[in-house]
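Laboratory data are not the source of any read-out in this text; all were calculated from the coordinates shown. All values derive from a computational prediction rather than experimental measurement. Glycine gets a Cβ as well: all are built from the backbone with ideal geometry, and neighbour counts include every protein chain shown.
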């Protein structure tokens, strides 16, 4: 077995313009994150296409030459502006999308051979009107263990209730998912990953739209996961929050701009490569503040 939970070697992902025409129709795919944003991008919505993406004929690169390794139990912040390729990276790691080039290894095997990968999608990609309750969604984490033809047993329900207790949602088991707050919705998806007994968790923009107490609750759960030796990759675009909370980060913008500790990665030159005109740095010397301009963005698409 590999010493690394994740090993990515020269990964590239290319989209063909105009070939995606609809969302995945099933509940499981809806809750895993729809491709609505990708549809708009592939149809030519310029705001969603990464500024540095290279267009070749009718194809666009979303990721190019990405290489990195993450050890078991590490929590890594993946930082980049909207459209930088963070969501695409997660979907390739999770096996939802196939790589165009390069390879991804999860504990030495390919994504499709590993059932313990949990993908926590952006909340904006989920149909919260779907008529299911909290317990139903968390039980979906057991599907990969059970198979499609087996009914959940007592152990499965015990794991669901234990997961909900860990994330503080034990009293909302029967609540319809659309009635939850933003922070509760994120914690529900984390509970689904815990019920899945995930060893690798991919969290796509989990802090977007959450107030400070809700963000703090998520970070508390992340610390719990770290103690359980769960490897977690957290995609986000908030530089200041990342600087406060992560010891190790990846800076992404189509290509891997930097990978390592904050002092190595969060330098003015590298941040400008990652954010371009979206970022304004205020200050001098080693003291500066990053101000991100996102007023015209439509959310993470790539």
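Some notes on this structure:
- Tensor-based shape of segment 198-258 (alpha-carbon gyration tensor, a/c under 1.5 rounded, otherwise prolate or oblate): oblate
- Between residue 224 and residue 144, the simple spin-label model (points 7 angstrom out along Cα→Cβ) gives 2.0 nm.
- The stretch between residue 132 and residue 154, if pulled fully straight at 0.36 nm per residue, gains 5.9 nm over its current Cα-Cα span.
- Label zone (residue 71, point 7 Å along Cα-to-C-beta; backbone nitrogen cut-off 13 Å) within segment 231-257: 248.
- With contacts taken as Cα pairs under 8 Å and at least 6 residues apart, segment 90-136 reaches a relative contact order of 31 percent.
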